[in-house]
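The values are calculated or read from the model by the stated rules, or taken from the named source; none is laboratory data. Keep in mind that what you see is a predicted model, and the values were worked out from it rather than measured. Cβ coordinates were reconstructed from backbone atoms using ideal geometry, including for glycine residues, and neighbour counts include every protein chain displayed. Ligands, DNA and RNA are excluded from the accessible area calculation, which covers all protein heavy atoms including side chains. Shrake-Rupley method; radii C 1.70, N 1.55, O 1.52, S 1.80 Å.
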Amino acid sequence: MSEGPPGPTPGFLVWRLANKWRVAVDRALAPLDLTHAKYALVGSLYGMQHAGERPSQRQLADHTGLEALYVSKLARALEADGIIERTRDPRDPRAMRLALTEPGLAVARQAVVVVRELVDRLLEPLGGLDAPRTGAFTDELLTLLDVPLAHLLPNDPTTHPTTHPTTQGTSP
């Protein structure tokens, strides 16, 4: 039986890198009163609004990869801070549409610049944000992120919702 490869596993390294970058972004954005998680919403909303979209909380959750419940919690906090506005979707009263407020747009613009400069520094060992090695690294990350969880976790009820026997659409 093999003792396994020497050194850290790829999963451990991805986890370490994600945590290292999260801490760096948290510290860089602290003067703007944003955390990395809040920035994930603010930065995504900024890009989506720029493209003419006004996403629902669910769409933003899907876009960021964050759990819908966590996005809801972050969105309420950002709304309380005056950064975003949440409005009911007239077509679906269960859905909330999100948009940056004017002060939120100003914060988002600053945050995007701060994070871009930070990421460029974090990527200096690969040649910086626009370097070919960074492009290859990004492509590899996208390859891994493109694999759906449902494929990886076939028995996980959160990735494979089951239908309750009484709701299968059968008529009495």
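Does Ala131 satisfy being more than 19 Å from Leu60 (Cβ to Cβ), surrounded by 15 or more Cβ atoms within 10 Å (Cβ to Cβ) and of a type in the set (Gly, Ala, Ser)?
Details: more than 19 Å from Leu60 (Cβ to Cβ): yes; surrounded by 15 or more Cβ atoms within 10 Å (Cβ to Cβ): yes; of a type in the set (Gly, Ala, Ser): yes.
Yes.
Which one is most open to solvent (accessible area, probe 1.4 Å) among residues in segment 33-70 that are aromatic (Phe, Trp, Tyr) and within 12 Å of the chain's Cα centre (by Cα)?
Looking at the filtered set, the residue picked out is Tyr70.
Take the conditions farther than 29 Å from Phe137 by Cα, outside any loop (DSSP other than H, G, I, E, B) and open to solvent by less than 70 Å² (accessible area, probe 1.4 Å) and apply them to Met96. Does it pass?
Values: farther than 29 Å from Phe137 by Cα: yes; outside any loop (DSSP other than H, G, I, E, B): yes; open to solvent by less than 70 Å² (accessible area, probe 1.4 Å): yes.
For Met96, the condition - farther than 29 Å from Phe137 by Cα, outside any loop (DSSP other than H, G, I, E, B) and open to solvent by less than 70 Å² (accessible area, probe 1.4 Å) - is met.
Could you tell me whether any residue of segment 134-149 is more than 27 Å from Val42 (Cβ to Cβ), at pLDDT 95 or above and among the hydrophobic types (A, V, I, L, M, F, W, C)?
Yes, segment 134-149 contains at least one residue that is more than 27 Å from Val42 (Cβ to Cβ), at pLDDT 95 or above and among the hydrophobic types (A, V, I, L, M, F, W, C).
One residue is enough: does segment 76-93 have a residue meeting the conditions assigned to a loop (DSSP other than H, G, I, E, B), within 15 Å of Leu45 (Cα to Cα) and of a type in the set (A, V, I, L, M, F, W, C)? So that I can check it myself, show each step before the final result.
Going residue by residue through segment 76-93, those that are assigned to a loop (DSSP other than H, G, I, E, B) are 81-83, 90-91.
Remaining after also requiring within 15 Å of Leu45 (Cα to Cα): 82-83.
Checking which are of a type in the set (A, V, I, L, M, F, W, C) leaves us with 83.
Yes, that holds for at least one residue.
Anything in segment 134-147 that is open to solvent by 80 Å² or more (accessible area, probe 1.4 Å) and part of a loop (DSSP other than H, G, I, E, B)? List them, or say none.
Asp146
Let me spell it out: the conditions are (1) in contact (Cβ under 8 Å) with a residue 40 or more places away in the chain; (2) surrounded by 14 or more Cβ atoms within 10 Å (Cβ to Cβ); (3) farther than 30 Å from Gly11 by Cβ; (4) not acidic (Asp, Glu), and Arg109 meets all of them except one. Which number is the exception?
Only one criterion is unmet by Arg109, namely (2).
Kindly check whether there is at least one residue in segment 1-19 that is under 22 Å from Val112 (Cβ atoms), open to solvent by 80 Å² or more (accessible area, probe 1.4 Å) and either in a helix (DSSP H, G or I) or touching a residue at least 12 places away in the same chain (Cβ under 8 Å) (or both).
no
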